[in-house]
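The values are calculated or read from the model by the stated rules, or taken from the named source; none is laboratory data. Everything numeric here is computed off the predicted structure, so don't read it as measured data. Cβ placement follows ideal geometry from the backbone for every residue including glycine, while neighbour counts extend to all protein chains displayed.
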Amino acid sequence: MIDILLYGLLGLAAAALLYNFIRRIAGSRSGLGIEGKLIWMDKGRSTKPFFNQVFEVLGKPDLMYRVRGGVLAVEYKSRRGPVFKSDVVQAKCAALAARGNGYQVTRLLVKTATTEQYIELPRADKTLFNEIKEYVILTRQAKAGVRMKAWPNVGKCRGCAFKYDCVHAQKR
């Protein structure tokens, strides 16, 4: 009789341990399938962007998770379709800005409604900046009013507010 009681208690203890283990693993995964703890979220206009004073860039990822090896920054695009180079550049700039505020962003996840792309970031901020430098320069020039070269593209022109007045607009 004592044997049955002892085995029953051991079985309950094992079940409780298994339950806690599974709950801990399941509880650490987000709806995006990210295993980590949510540490920062962009709440819209009320959330100030991060600023990196060394490289004078600002940005804010949509989410940041503490994961093994550092911080994962997430850039989410609600559209269907691929991840574009511009999405990756935006995410890298936001990661560099967040690094300027003490977040050690080591990886990026750029996700659309149909695609996701993980990107490992270089350890050195200077190396990361060099990966986006040409786009930062172009953005600064455009903001300063420098006339930019047209980059007509059917997909971009289709959604542009100036397509009817633009001599470069691509039509299909």
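What the table shows:
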| read-out | value |
| --- | --- |
| Selection from region 58-91 of residues that are in contact with a helix residue (DSSP H, G or I) (Cβ under 6 Å, 6 or more places away or on another chain) and over 19 Å from Leu32 (Cβ atoms) | Leu58, Gly59, Val89 |
| Residue match in region 149-172 (condition: among the β-branched types (Val, Ile, Thr), under 17 Å from Gln90 (Cβ atoms) and assigned by TED's automatic domain parsing to the domain that holds Gly69) | no |
| Flag if Gly145 is at pLDDT below 95, more than 16 Å from the chain's Cα centre (by Cα) and either assigned by TED's automatic domain parsing to the domain that holds Asp42 or not polar (S, T, N, Q) (or both) | yes |
| Residue count, region 95-113 (criterion: closer than 21 Å to Phe51 by Cβ and part of a strand (DSSP E or B)) | 3 |
| Filter result for Tyr65 (assigned to a strand (DSSP E or B) and surrounded by fewer than 16 Cβ atoms within 10 Å (Cβ to Cβ)) | no |
| Odd one out for Ala169 among (1) surrounded by 12 or more Cβ atoms within 10 Å (Cβ to Cβ); (2) outside any helix (DSSP H, G or I); (3) under 19 Å from the mean Cα position of the chain (by Cα) | (3) |
